[in-house]
Structures are given as structure tokens and as C-alpha cells.
Amino acid sequence: MSLLGRVFGQNSDPDRQQHQAQQLARNQAWDTALTNQTLPDFVKQRLADTKSGKLPWISTGSVGALLAQRSHGIYPLGMVSGNCWYHYGYSWTRGHYDGWHTAIDRMRQEATLMGANAVVDVKMTATRMEGTGEDQMDYAVMGTAVRIAGLATPRTPVIATVSALEFARLMESGILPVGLAIGAHYNWHYSYRNASGQGTWWNQELRELSDFMTDIRRAAIGQLASDAARIGTGVLARVQFSELLRGEPMENDPRQRFLGRHIAFGTAVLHEPRRHISLKLKPVFSVSDGKMTPVMPTEKEII
């Protein structure tokens, strides 16, 4: 390799061809796997190596929560994720719902292969690429796959936005997280008036836009409730996002155009007041004698 090639990080032709061939093979493997609703072999191997301890696990939770998890019978297995670049045509509302759930299903596949019975502390992000317009978006989710003692092994891992520690405390109170619920709604608003308040010096409520966004939020929350009703009786840890965009005037149409949308998601739960689970807390310190006396775990308690 020439000195100039080394300075600018250029590879020789054989190296570049090999890299391109490997990248093409990975892309083809992903395409085949997604078509069959599964994961490529190299992803399955990575998950198996993480599960066995050959690779280090990664957690999305806080340090404090991690330190307190073991006393509640929670054991992190590793970080899992899923994403979906989605194009929506006839309905942004339906497209948003489908895009999120596709990404969640792919994250759930990873968690299942790791032997998890729950995925906690789930984070959700949506990204638009510059120049692609408003008709497509990348939906991405990631969280920590865990094993939770006392949680009956479900057919597929439970997905939750709450932390692992919050998950265990909810179980103790007879509130069982059962999955993720999503609500989304969008609509266009057209106005002949100066609905945006542009050019005015007065402090005032823009009532027309207030009513418009209120209707959108209520519709999204209604969809969230309907989605949660499929699997639970309530929603916790709800996260919401609103956006109002002003569109360019259309030809031969003097009206102002506004695009409003609202997204809401949270952890669906089943509330069982009579159900109480004891997770057998293992104390780290005892203060019964007024002193901070360490309590060493037994060999059976050490995992």
C-alpha cells in the first residue's frame, strides 16, 4: 500500500473487494431473515455468546437499579434491539402503529433467543432522513433482556418501559406488566384566518390550534387505551410526543395548512389486587443492632 493510501486509510483492491463481498453477504442474510421473520445466523450467534458469557452483556438501566436488582431476583442477560424503516402511504396513523410493532417484534425475537422472560427499560426513537419527506421513518427500540424470578414464563418475553426494579415492585403489589401499548394520530388543519398568529404583537391563545391539537391528542390517547385493552387493564410509564408543522400554501388555495400529530406509548399492566408475590429480599446490611453489619449471602444465593 502506498504512503498516501496509508495516510487516508485506503485499502488495496483485494481488501476492498473482500469487504464489499462480506457486506453484500450480510445484507442478503438480513433480507432473507426478515422475509422469513427470523434473525440472521450471525445475530443468533452473537446472542448465544452473550447468553453463555463469551461476550459481555450491556444494560440500558441505571447503576443504582442494577445494584438493587439481585435482591429482587432480577438477572440481566444483555441489551436487545429492533428497528424498522417504514413507508406509510394511505395512513400515517396506521403506518406509525405498524412500524413500531414491527420493531418491537424483532426486539422480542432477540430476547427470546437469550432466554429472557422480560425486556425492561425499553427506549423508543424515531428518525427521519433528510430529503425523504414525511412518508417514511425509522422506528427503533432497545432495552435490557432479563430473567425475573417469580414471573411465570410467558410464551414470549414481556416488553415494558419500566425499569427492572419497578417491574419487580409492581409484581409485589399485584400489578403485572404484560406488554407495550402504542397510540398515534395525525391530521391536517386548514384555516382561512391567521391561525398561527404570525405578524401580531398581542399575547393571546391561538384557540383554533389549541382545539386542533387537543383533538389529535385525545384520538392518540384513545388508540393507546384500545391497544392496551388487548392485553391489560391499564397503562403505566406513558411517554408522549407532539409535533405541529406548518405546511406551504397550495396552489390556488389561500388557506393556511397545519400538520399535527401525537404519539403515546407505555407499559400495559394487569391489576390483580388480591395477588401478592414475595420476592424474598436478600439484605446486604443489617441495622437491627444499630450498626451497619454486613450480611454475607450463602453459596446457594450466589449466582
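Things to note:
- In this structure, Gly247 does satisfy being surrounded by 13 or more Cβ atoms within 10 Å (Cβ to Cβ) and at pLDDT below 85.
- Checking each residue in the stretch 17-76 for being part of a helix (DSSP H, G or I), among the basic types (Lys, Arg) and over 28 Å from Arg169 (Cα atoms) picks out Arg26, Lys44, Arg46.
- Within the set Ser278, Ser210, the sole residue that is among the hydroxyl-bearing types (Ser, Thr, Tyr) and at pLDDT below 85 turns out to be Ser278.
- Within the stretch 86-102, the only residue that satisfies the criterion of being among the hydrophobic types (A, V, I, L, M, F, W, C) and in contact with an Asp or Glu (Cβ under 9 Å, 6 or more places away or on another chain) is Trp92.
- Test: residue in the stretch 54-68 that is touching a Cys at 6+ places or on another chain (Cβ under 8 Å) and over 18 Å from Ala164 (Cβ atoms): no
- Pair list, Cβ under 7 Å, 6 or more apart: the stretch 115-126 residue touching a residue at least 40 places away in the same chain (Cβ under 8 Å) and under 22 Å from Asp49 (Cα atoms), other residue part of a strand (DSSP E or B) and of a type in the set (Ser, Thr, Tyr): Val119/Thr144; Val120/Thr144
- Condition check for Tyr86: outside any helix (DSSP H, G or I), in contact (Cβ under 8 Å) with a residue 24 or more places away in the chain, in contact with a strand residue (DSSP E or B) (Cβ under 7 Å, 6 or more places away or on another chain) and surrounded by fewer than 18 Cβ atoms within 10 Å (Cβ to Cβ): no
- Test: residue in the stretch 250-264 that is over 11 Å from Leu180 (Cα atoms), modelled with pLDDT under 90, of a type in the set (Lys, Arg) and surrounded by 15 or more Cβ atoms within 10 Å (Cβ to Cβ): yes
- Residues (surrounded by 19 or more Cβ atoms within 10 Å (Cβ to Cβ) and within 21 Å of Met142 (Cβ to Cβ)) located in the stretch 66-78: Gln69, Ile74, Pro76, Leu77, Gly78
- Matching residues in the stretch 154-163 - criterion: being out of contact with any Leu (no Cβ under 8 Å at 6 or more places or on another chain) and small (Gly, Ala, Ser): Ser163
- Breaking point among (1) at pLDDT 80 or above; (2) out of contact with any Pro (no Cβ under 7 Å at 6 or more places or on another chain); (3) assigned to a strand (DSSP E or B), for His101: (3)
The values are calculated or read from the model by the stated rules, or taken from the named source; none is laboratory data. Quick caveat, the model's predicted, so the values are computed rather than measured. Glycine gets a Cβ as well: all are built from the backbone with ideal geometry, and neighbour counts include every protein chain shown.
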